[in-house]
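Working notes, structure below.
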There are 2 protein chains.
Amino acid sequence: MKKIINQPSQVVDEMLKGFVYANDERVERVPETSVIVRKDKKKGEVALVSGGGSGHEPAHAGFVGDGMLTAAVSGEVFTSPSPDQVLEGIKAADQGAGVLLIIKNYTGDVMNFEMAKELAEAEGIEVEQLVVDDDIAVEDSTHTAGRRGVAGTVIVHKMLGAAAKRGLSLKEVKELGDKLVPNIKSIGVAMTAATVPEVGKPGFTLEENEMEYGVGIHSEPGYHRTSIKSSSEIATELVGKLKDAFEFGDNEHYGLLVNGLGATPLMEQYIFAHDVEKQLEHEPIKIEFKKVGNLMTSLDMNGVSLTLVKLQDDWADLWYDPVHVTDW
Amino acid sequence: MKKIINQPSQVVDEMLKGFVYANDERVERVPETSVIVRKDKKKGEVALVSGGGSGHEPAHAGFVGDGMLTAAVSGEVFTSPSPDQVLEGIKAADQGAGVLLIIKNYTGDVMNFEMAKELAEAEGIEVEQLVVDDDIAVEDSTHTAGRRGVAGTVIVHKMLGAAAKRGLSLKEVKELGDKLVPNIKSIGVAMTAATVPEVGKPGFTLEENEMEYGVGIHSEPGYHRTSIKSSSEIATELVGKLKDAFEFGDNEHYGLLVNGLGATPLMEQYIFAHDVEKQLEHEPIKIEFKKVGNLMTSLDMNGVSLTLVKLQDDWADLWYDPVHVTDW
């Protein structure tokens, strides 16, 4: 296992220390927790709390800051944070206007965030929750009932963060989220699996000439293992799946995310983005915004995912609103 | 070779197309060249042009924009752009106040950028140049007389970009650069070598339990191959080398960069940053700013580099000046 780490059991704590060291002008860690919270919280602004297992960096701590998340809660690698930890995140984030929990759809996350919501409500904090299930690759999965939450979650962070900053109420932010989530769909491909430090070997094995469509960000099985395809062929497959899922119609507007899964060079992400562009040229839809980079990773997994969001109302404006976080 | 590409010979052209697609509100490509130039150029502002071989993304096109580079010129993978291409970059960038070329110290880059400077001067454009040689790992190297230019180059882009935006003249920006460059020093470690698409196999081979200190960003040999060390041990080695090179003195102020080499998860970069912090606690110096991330990569190389810049005057302010580029 070639990793720049110390004790595998300490990776999350040491990562959080390094993250705070590098960004101490903007964020702090709630003592004795795995909660990263922004320093410049605004009284009366709806707070957004997200998180989940570690290993998806820059998600979620890299998105903590003005215009995006108020706090991020990190569990151990690929493991949900406990309800107590999420509760600490809620308490640190709340500025009197209530807290929205943005949860990726994994059974452990949903259960623990929901329990934290109840605990916080018992302490008098108003809490709403939103479960993101954007991965169209498979129905149900190793750790999930229904569809998994993956890179599209970042779009929820960005747009709802902008909405909260604009002064929307908790009810309004939650309603916007409820409208937004069904309009976000993602699908990915992996060339290699991730290696969890405490496990020491990849979550599954792909031969030198193999890749797999639809792998999850915790190495959950995808829908088709095949010989290595070109970027153009991969774009054809992934755009095709999204096209079928959305049923592209005339004059629809979309936003687009190409997400590197951790070990994929930016060069390849841009080559893939170009192939996606070529595929989409044949479609009647208009792409309003695009973003390329490592946003929701899976440790050292080599691969990419593609996310589309079907836009309504002023969602593109929310996307372009200014943001001050570490990794945008 | 597990890469998301099409024809290996087309990777640079397709990457640039994908980059412009994703960032067309901010940048454009000069037709029939490998030059990326910002759209919002300011008349009368000194222009900064950098570049070199491709494979170091986000360097250099990811740093094109307000407050940083005016244009970036990309050669083939790990290959200098031709003088003609650099000339196109100079012509596209110049806003009447002259152009500063920021060159990483590789023989091919220095030669081709210098030739372009002469060609541009013959066309009446005022051009200065600055060669960055921050890598203290080795003297002379495979493609270099003297020290190699690596991740510290990004500090030059940032600070001189801020200086140009503040309205300094070409002479003043060049003088600032001459003062800045000798105060920037870097050193890295590689767990794996990069694979150039047209070559199809890694530039060198490290066994499963091996790593190498001081490897260059084109897989040039380092100074010591050893068994895999912990992050803490790597930090001890790299900070020790930088300490010796700078001869740390009381009350000196520094900026710090932890740079991922392409395939290194952000988690590991932050763990390493924490170990660097612990090493530096024993030193009399003060760290004014820190940044962690993939800034000057080497395709899919797994490893990190550490850069320190010894600060003078208002250099920390230049670091914090606002910037609008794709990858900061």
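Data overview
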| quantity | calculated |
| --- | --- |
| Any hit, the stretch A:153-164, residues being assigned to a helix (DSSP H, G or I) and among the charged types (D, E, K, R) | yes |
| The stretch A:1-19 residues that are facing another protein chain (nearest Cβ under 7 Å), paired with ones that are of a type in the set (Gly, Ala, Ser) and in a loop (DSSP other than H, G, I, E, B) (beta carbon under 6 Å, 6 or more apart) | A:Asn6/B:Ser230 |
| Residue within the stretch A:220-227 that is surrounded by fewer than 20 Cβ atoms within 10 Å (Cβ to Cβ), over 22 Å from A:Asp140 (Cα atoms), touching a strand residue (DSSP E or B) at 6+ places or on another chain (Cβ under 9 Å) and not aromatic (Phe, Trp, Tyr) present | yes |
| Candidate set: the stretch B:20-37, residues that are buried (at least 24 other Cβ atoms within 10 Å of the Cβ) and farther than 23 Å from A:Tyr254 by Cβ; chosen: the one nearest to the other protein chains (Cβ to nearest Cβ) | B:Ile36 |
| Condition check for B:Glu57: of a type in the set (Asp, Glu) and buried (at least 24 other Cβ atoms within 10 Å of the Cβ) | yes |
| Selection status of B:Glu121, part of a helix (DSSP H, G or I), exposed (fewer than 15 other Cβ atoms within 10 Å of the Cβ), without any contact (Cβ under 8 Å) to a residue 40 or more places away in the chain and over 16 Å from the mean Cα position of the chain (by Cα) | yes |
| Neighbours by Cβ (under 6 Å, 6+ apart or cross-chain): first from the stretch A:98-117, in the same structural domain as A:Asp178 (by TED's automatic domain parsing); second at pLDDT 95 or above and among the aromatic types (Phe, Trp, Tyr) | A:Leu101/A:Phe113; A:Ile103/A:Phe113 |
| Output for the stretch A:291-300, where each listed residue is within 11 Å of chain B (Cβ to nearest Cβ), hydrophobic (A, V, I, L, M, F, W, C) and part of a loop (DSSP other than H, G, I, E, B) | A:Leu295, A:Leu299 |
| Selected residue (only one of A:Gln85, A:Gln129 is in contact with a strand residue (DSSP E or B) (Cβ under 6 Å, 6 or more places away or on another chain), assigned to a helix (DSSP H, G or I), among the polar types (S, T, N, Q) and surrounded by fewer than 24 Cβ atoms within 10 Å (Cβ to Cβ)) | A:Gln85 |
| Selection from the stretch A:1-15 of residues that are part of a helix (DSSP H, G or I) and charged (D, E, K, R) | A:Asp13, A:Glu14 |
| Checklist (1) away from chain A (no Cβ under 12 Å); (2) of a type outside the set (Phe, Trp, Tyr); (3) under 16 Å from the mean Cα position of the chain (by Cα) applied to B:Glu57, failing item | (1) |
| Selected residue [without any contact (Cβ under 8 Å) to a residue 24 or more places away in the chain, of a type in the set (D, E, K, R), within 14 Å of another protein chain (Cβ to nearest Cβ) and not in a helix (DSSP H, G or I)] from B:Glu277, B:Glu212, B:Glu288 | B:Glu212 |
| Residue in the stretch A:301-314 that is buried (at least 24 other Cβ atoms within 10 Å of the Cβ), out of contact with any Cys (no Cβ under 6 Å at 6 or more places or on another chain) and part of a loop (DSSP other than H, G, I, E, B) present | yes |
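Conditions (1) under 23 Å from A:Val132 (Cβ atoms); (2) more than 14 Å from every other protein chain (Cβ to nearest Cβ), marked per residue:
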position: A:Phe204; (1), (2): no, yes
position: A:Ile217; (1), (2): yes, no
position: A:Tyr223; (1), (2): yes, yes
position: A:Ile228; (1), (2): no, no
position: A:Ser232; (1), (2): no, no
position: A:Ala235; (1), (2): no, no
position: A:Lys241; (1), (2): yes, yes
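The values are calculated or read from the model by the stated rules, or taken from the named source; none is laboratory data. In this text the structure is predicted, and so the values were computed from the model without any measurement. All Cβ positions, even for glycine, are placed from backbone atoms using ideal geometry, and neighbour counts span all protein chains on display.
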